[in-house]
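Asker: Let me begin by handing over the structure; questions about it come next.
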Amino acid sequence: MTILLLGSGGREHALAWKMTQSPKCEKLFVAPGNAGTSDIATNIDINPLDFEAIKTFAIQEKIDMVVVGPEDPLVKGIFDFFANDEQLKHIPVIGPSKLGAQLEGSKEFAKEFLVKHKIPTAAYDSFTKETVEKGCKFLETLEPPYVLKADGLAAGKGVLIIHELAEAKEELRNMLINEKFGAASAKVVIEEFLNGIELSCFVLTDGKNYKILPTAKDYKRIGEGDSGLNTGGMGAISPVPFANELLLEKIETRIVKPTIDGLQKDGIPYKGFVFIGLINVKGEPIVIEYNVRMGDPETEVVIPRLKSDLVELFQAVADQKLDEVSLEIDQRTAATIMVVSGGYPEDYEKGKVISGVENVSDSIVFHAGTKTENGKVVSNGGRVLAVTSFGDNFEQAIKKSYQNIEKLSFDKMYFRKDIGFDLL
C-alpha cells in the first residue's frame, strides 16, 4: 500500500515509525512531516488543511489510504471531503467524519453527547457573550476551583482552572467579550471541578467494533510538580499503574461501549481513534473530554507498546472488520519525556542545532518540532523531541529516558525532571 499520513509532530513520527514496520506499507508519505519522519518516509510540503492539494497528490501518487494525525483537518471535514469526491471516495480516511470530530471541535457538542448517552461527566452549562452575566451567576452556584473551557479548538490551551470566584468571573468576561482565545471562546463551557487523578483511554473503532489500546497518563504543566502554564504535554507513561482491572472494566462498560453505541445510534460515521480524557474520582471513572485523534505525547508511549501490525489494524477499520483482527500488547511499561525549547509554551526561538541523537541507545527518539536545514537537524517548534524507553516498571522506563536525554543538546533545551512524580 501507498499511504499518506497528515501531520508534523511527535505523534506523527511515532505513527510513521510503526506503520513503516508493516510489510503492508510499501511507501509512506508524510505531509508535512519533520526531520524524524524524513529518515523513514518521504516528507511532502503540503499543509494538512489544503484539501485540494491533498486531492491532487493522492490522485497523482495513487494513494491507497490516508491516516490523519492532528485534529484540525478532521474538524474541518477531510473525511467527508474524500467520501463525497468521485475521484477520492475509494480511498479510506482513518479519522472520523466532520460530525464525529465535533466531539473535540465543540466542548458543548461533547457534553450534550455525554449527557444524552448517560456517560458519567461533570455537571456543566455553556454561555455566550449575550449570557455572560448568567455565566457569572452560574459560577456562584459552584464550589471552587472553577473550570472554564473555550468551546472550540484552542490548541490544547483553552482550559482555565481558577481558584478565586472574582478572577473566574473576570476570565469568563475576558474569554467571551475580549475574545481571549479568539473564535474558540465565542462560547464557553463552565463545569464543576472534579478532584482525582487523570488518565487517558485510547480506542480504535471502525464505527461498530472497537479495540481498547493501552492506557496512558500525560503531564501537561511546564514546571516541576505540575506547576506553571499548560503545554501540549511534557511527558507520558503507559500503562497507568493505578488502572487496575476493576477500573478498566468500569471504563469499558460505562464509557467506551456507550460512546461507540452512541455514535451508531446518532448515525455519526466514525472510523478512527477516540481519545477519552478521564479522571478517576475515588475509583469511579468520569469523562473530562473527548479528542478525536491520538494524544501527543501519549502516542509516543501507546504506539510502541502495540505488537500488532498497525497498517493491518487500519485496514480492518476501513473495512469495518476490526472484530476480525487481534490486538497484541507489549506488557512492559513505556515512558516518554519531552525535550522542549526554552521559553515554551510562551515565546521561544527556533532554528537551534540539535546534537547527540545518534548517541542515544536503548531508547527511541521521536521528533516533534524539528526540520532539516543545511544538512543539520534544527528545532522548529516548542516541543522538539520525545525520548521513549521501555522498562519493567515506570521508574525503570523513566530513568532510561532521562539517561539518554543527557546525550542530547541544543541551545536553551528544557525538560521536566519529575515525570511520574505523582505515582511514586
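Asker: Classify the stretch 151-274 as rounded, prolate or oblate, taking a ≥ b ≥ c as the square roots of the eigenvalues of its Cα gyration tensor: rounded when a/c is under 1.5, otherwise prolate if a/b is larger than b/c and oblate if not.
Answerer: oblate
Asker: Can you tell me the convex hull volume per residue for the stretch 366-424, based on C-alpha atoms, in Å³ to the nearest whole number?
Answerer: Dividing the Cα hull volume of the stretch 366-424 by its residues yields 93 Å³.
Asker: Can you order the peptides 47-57, 369-379 by their average number of other Cβ atoms within 10 Å per residue, highest first?
Answerer: Ranked by mean Cβ neighbours within 10 Å, highest first: 369-379, 47-57.
Asker: Ranked highest first by average number of other Cβ atoms within 10 Å, how do 397-403, 307-313 line up?
Answerer: Answer by packing, highest mean first, reads 397-403, 307-313.
Asker: While we're here: Does the stretch 148-206 classify as rounded, prolate or oblate by the C-alpha gyration tensor (a ≥ b ≥ c root eigenvalues; a/c under 1.5 gives rounded; else a/b over b/c gives prolate, otherwise oblate)?
Answerer: oblate
Asker: At a 1.4 Å probe radius, carbon and sulfur cover how many percent of the accessible area of the chain?
Answerer: 48
Asker: Still on this structure, please answer the following. At 1.4 Å probe size, with no ligands or nucleic acids counted, give the accessible surface of residue 90 in Å², nearest ten.
Answerer: We get 130 Å² for residue 90.
Asker: Just to make sure I understand: if all protein chains stay in place, what is the order of 20, 141 by accessible area at 1.4 Å, largest first?
Answerer: From most exposed to least exposed: 141, 20.
Asker: Please compare each pair in 107/257; 137/265; 107/220 to a cut-off of 28 Å on the Cα-Cα distance and tell me which ones are over it.
Answerer: 137/265
Asker: Using a 1.4 Å probe, what is the accessible area per residue for the stretch 239-359, in Å²?
Answerer: Accessible area per residue, the stretch 239-359: 41 Å².
Asker: Between residue 143 and residue 396, what FRET efficiency follows from the Cβ-Cβ distance if R0 is 41 Å, with the result rounded to 0.05?
Answerer: 0.55
Asker: On alpha carbon coordinates alone, what is the Rg over Rh value for the stretch 1-150, Rh being the Kirkwood radius?
Answerer: Answer for the stretch 1-150: 1.12.
Asker: When a/c reaches 1.5 or more, the comparison of a/b and b/c decides; with that in mind, is the stretch 61-118 rounded, prolate or oblate per its Cα gyration tensor?
Answerer: prolate
Asker: Also, quick follow-up: Considering only protein heavy atoms, what per residue accessible area in square angstrom results for the stretch 79-177 with a 1.4 angstrom probe?
Answerer: It amounts to 48 Å² per residue over the stretch 79-177.
Asker: Taking R0 as 41 Å, what's the FRET efficiency between residue 21 and residue 245 from their Cβ-Cβ distance, rounded to 0.05?
Answerer: 0.85
Asker: Cross-link list 55/116; 89/376; 116/211; 76/407; 18/399; 27/399: which exceed 29 angstrom alpha carbon to alpha carbon?
Answerer: With Cα atoms farther than 29 Å apart: 55/116; 89/376; 76/407; 27/399.
Asker: Residue 422 to residue 130: extension gain in nm, 0.36 nm per residue of separation minus the Cα-Cα distance?
Answerer: Contour length minus Cα-Cα distance gives 101.0 nm.
Asker: Need one value: the accessible area of residue 127 in square angstrom, 1.4 angstrom probe, rounded to the nearest 10.
Answerer: It works out to around 10 Å².
Asker: Compute the whole-percent fraction of alpha carbon pairs in the stretch 296-424 spaced more than 21 Å apart.
Answerer: The proportion of pairs with Cα distances above 21 Å equals 48 percent.
Asker: Over the chain, what is the relative contact order in whole percent, taking alpha-carbon pairs under 8 Å and six or more residues apart?
Answerer: With pairs under 8 Å counted, the relative contact order is 17 percent.
Asker: Shifting gears a bit: How about residue 169: which aspartates and glutamates have a C-alpha closer than 19 Å to its C-alpha, ignoring those fewer than 8 places off in the same chain?
Answerer: 125, 130, 133, 140, 143, 151, 179, 191, 192
The values are calculated or read from the model by the stated rules, or taken from the named source; none is laboratory data. What you see is a predicted model; the values in this text were computed from it and never measured. Cβ sites come from the backbone with ideal geometry, for glycine too, and all protein chains shown count toward neighbours. When the accessible area is computed, the model is the full protein with side chains, heavy atoms only, and any ligands, DNA or RNA have been set aside. Shrake-Rupley method; radii C 1.70, N 1.55, O 1.52, S 1.80 Å.
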